[in-house]
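> Let me give you the structure first, and then I'll get to my questions.
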Amino acid sequence: DAGEKAAAKARPKPKAQSNFTDPDSRIMKNSDGAYIQAYNAQAVVDDKHQVITAADVTTNPSDALNYTTMLDQCAHNTGAHPRQALVDAGYCSEANLEAAKKRQLSCGTDTFMATGRLKHEEQVPPAPRGRIPKDATLKERMARKLRTKPGKAAYSRRKAIVE
């Protein structure tokens, strides 16, 4: 029978992978650099009350796609846009920096987005003196914002917020 012949010839490619117990999960790199079968969990937390105001689980390993959707979900769930958003470098993209600028103007949410990772004992350098150059990119402006005293104070609170 033709179906049996086709089934006998059907072989997965040597590098093809599939998880039979949880086919919706994806292979992702964890914080140790190892590849694991996983999901990417997202949460928005009210820092004053330590209450989760938005949550989601995705199969995309990049956090960058979740910046706008998570803040929108938070606003929907609570009836108010957050005053501040403290987000790590995983969310840093040109699209999110632009979205943060627009969100500041339309919703009043002041975003502090890390633009890169520091080594374990590396300190954030002080902000340069003087005006921000007119030709500074959004990423350069955000990096400078995080280097100010208010920026350092705001972003350092991430260590005490549920993650």
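The values are calculated or read from the model by the stated rules, or taken from the named source; none is laboratory data. Keep in mind that what you see is a predicted model, and the values were worked out from it rather than measured. With ideal geometry, Cβ positions are generated from the backbone for all residues, glycine too; neighbour counts draw on all protein chains shown. The accessibility values were calculated without ligands, DNA or RNA, using every heavy atom of the protein model including side chains. Shrake-Rupley method; radii C 1.70, N 1.55, O 1.52, S 1.80 Å.
> Rolling a 1.4 angstrom probe over the protein chains, ignoring ligands and nucleic acids, what is the accessible area of Tyr39 in square angstrom, nearest 10?
Looks like 90 Å² after rounding.
> Find the centroid of the Cα atoms in region 23-48 and in region 95-122, then give the distance between the two in whole Å.
20
> Leaving out ligands, DNA and RNA, and with a 1.4 Å probe, what % of the accessible surface on the chain is carbon or sulfur?
54
> Rounded to the nearest 10 Å², what accessible area does Val124 show when all protein chains are kept and the probe is 1.4 Å?
60
> Additional query: Given a 1.4 angstrom probe, what's the average accessible area per residue across region 38-163, in square angstrom?
66
> Ordering Cys107, Cys74 from largest to smallest accessible area (1.4 angstrom probe), what's the sequence?
Largest accessible area first, the residues go Cys107, Cys74.
> Quick check on the chain: take the gyration tensor over C-alpha atoms, sort the square-rooted eigenvalues as a ≥ b ≥ c, and tell me if it's rounded (a/c under 1.5), prolate or oblate.
In terms of gyration-tensor shape, prolate.
> With each pseudo-label sitting 7 Å past Cα toward Cβ, what's the Asp24-Lys102 distance in nm, one decimal?
Distance between label points: 2.9 nm.
> Would you mind classifying region 108-154 by shape? Square roots of the alpha carbon gyration tensor eigenvalues, ordered a ≥ b ≥ c; an a/c under 1.5 is rounded, otherwise it is prolate if a/b is larger than b/c and oblate if not.
prolate
> Taking K and R as +1 and D and E as -1, what net charge do the other residues with C-beta under 10 Å from the C-beta of Asp110 add up to?
+3
> Next question, about the same structure. Once R0 is set to 35 Å, what does the formula 1/(1 + (r/R0)^6) return for the Cβ-Cβ distance between Gln37 and Asn77, expressed as a FRET efficiency to the nearest 0.05? Please list the in-between numbers first.
Values: r = 29 Å, r/R0 = 0.84.
It comes out at approximately 0.75.
> Using 0.36 nm per residue of separation minus the Cα-Cα distance, give me the extension gain between Lys149 and Val162 in nm, one decimal.
2.4 nm
> In region 106-163, which trypsin sites (Lys or Arg not before Pro) fall in coil by DSSP and have 13 or fewer other Cβ atoms within 10 Å? Before the final figure, lay out each step's value.
Numbers: sites: Arg117, Lys119, Arg129, Arg131, Lys134, Lys139, Arg141, Arg144, Lys145, Arg147, Lys152, Arg157, Arg158, Lys159; in loops: Arg117, Lys119, Arg129, Arg131, Lys134.
When the trypsin sites (Lys or Arg not before Pro) of region 106-163 are filtered for loop state and at most 13 Cβ neighbours within 10 Å, Arg117, Lys119, Arg129, Arg131, Lys134 remain.
> Can I ask one more? Of the candidates Thr109, Thr59, Thr68, which one comes out as most mobile in a Gaussian network treatment of the chain with C-alpha springs shorter than 10 Å?
In this elastic network of the chain, the residue with the biggest mean-square fluctuation among Thr109, Thr59, Thr68 is Thr59.
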